[in-house]
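The values are calculated or read from the model by the stated rules, or taken from the named source; none is laboratory data. Computed from a prediction, not measured in an experiment: that's the story for all the values here. Here Cβ is always computed from backbone atoms with ideal geometry, including for glycine, and neighbour counts include all displayed protein chains.
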Amino acid sequence: MLAYRHAFHAGNHADVLKHLVLIQVLRYLAAKGKPLRYVDTHAGAGGYKLKGGQAQQTVEYRSGIGALWSRADLPAALADYVALVQTFNRPEGEAAVTGQTPPLALYPGSPSVARMLLPAGTPMRLFETHPADVRTLQAHFGGDRAVQVLPTDGYAGLLANWPPTPRRAVVLMDPSYELPRDYGAVVATLREAVARFAQGVYIVWYPQVAKVEARELARRLTALAPAGWLHARLSVAPPQEGGFGLLGSGVFVLNPPYTLHATLAECLPYLKAQLGQHAGADFLLEHKAD
């Protein structure tokens, strides 16, 4: 786990899908005006330099957020996502200027996305085990008393603080899945979390790779959703020699907002067209309502 650094992959197609979904969920819940808790079990660094050495080794962001950065034909939800990332790239307090797009130099991690969207004072619990990322998170959120950066295992950390106070919460689980145990740990942790607090909104990201565990994860998660679920997958890349490589990614949401399916039905065909890297690019969108 400690070998994985998201900085190599920040802003890629998987981040586009994950953060599109996260933004839509948080906007819907924040609009209710009721207290809410945000939990990120694998928080990462909170923000990433796309011109830094790690991101420049792979330049994956160019075929992710970079492919959407200056487009004028984005569906509304994708335009919202891109505008939020553009805000992250402006100096704090600087207003957007019509017709001027800032250079793409930074990409927000999920904790930064959440803080940009949720009301001030919203409790946030950010779990991370990589020492360098913990230090970056602590520096980034050090002045916010509502944010706790916890340098411990996110699976155990979530359950140690569950059920939440207040009794409204969003949980994001997006481990690297470099360790085979991550697939089983996601299912086991969610099973226990839902048993304790069935009303939460739980978002699980996973990679589309040539592993049985990855192919079976969404099916296993459907059994944990007492009040409905949504599953979106975006496949963009051809398999490498031997069937390896990241083909795409998926997001599974337990207790999704009722608006999310229609939003993704508009955005996924667009993302397939703009981010697809071969003729076999595709997407999947399925859900079960309460």
Over the range 190-207, the set of residues of a type in the set (Phe, Trp, Tyr) and within 15 Å of Val21 (Cβ to Cβ) is Tyr202, Trp205, Tyr206
Among all residue pairs at least 6 apart or on different chains, which show Cβ distances below 6 Å where the first residue, located in the range 215-240, is in contact (Cβ under 8 Å) with a residue 24 or more places away in the chain and within 27 Å of Ala67 (Cα to Cα) and the second is in a helix (DSSP H, G or I) and aliphatic (A, V, I, L, M)?
Leu230/Leu260; His231/Ala218; Ala232/Leu264; Leu234/Leu17; Leu234/Leu271; Val236/Leu275
Flag for Ala45 being within 21 Å of the chain's Cα centre (by Cα), in a loop (DSSP other than H, G, I, E, B) and modelled with pLDDT under 95:
yes
Contact list, first residue from the range 139-162 and under 21 Å from Ala193 (Cα atoms), second anywhere and assigned to a strand (DSSP E or B) and among the charged types (D, E, K, R), beta-carbon distance below 7 Å, six or more apart or interchain, is Gln148/Arg125; Leu150/Arg125; Asn161/Arg125
Give the number of residues within the range 48-62 that are closer than 16 Å to Thr136 by Cα and modelled with pLDDT under 65.
2
Return the pair list, or none, for Cβ contacts closer than 6 Å from residues in the range 167-185 that are closer than 13 Å to Val253 by Cβ to residues that are modelled with pLDDT of 95 or more and hydroxyl-bearing (Ser, Thr, Tyr), at least 6 apart or on different chains.
Val170/Tyr38; Val171/Tyr202; Leu172/Ser110; Met173/Thr41
Which numbered condition in (1) modelled with pLDDT under 95; (2) within 28 Å of Tyr177 (Cα to Cα) is the only one that Gly33 fails?
(2)
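Let's see how each residue does on (1) crowded, with 16+ Cβ neighbours inside 10 Å; (2) at positive phi; (3) of a type in the set (S, T, N, Q):
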site: Ala210; (1), (2), (3): no, no, no
site: Arg219; (1), (2), (3): no, no, no
site: Trp229; (1), (2), (3): yes, no, no
site: Phe244; (1), (2), (3): no, no, no
site: Ser249; (1), (2), (3): yes, no, yes
site: Leu254; (1), (2), (3): yes, no, no
site: Ala262; (1), (2), (3): no, no, no
site: Pro269; (1), (2), (3): no, no, no
Selection from the range 191-213 of residues that are touching a strand residue (DSSP E or B) at 6+ places or on another chain (Cβ under 6 Å) and either assigned to a helix (DSSP H, G or I) or within 27 Å of Leu36 (Cα to Cα) (or both):
Gly200, Val201, Tyr202, Ile203, Val204, Trp205, Tyr206
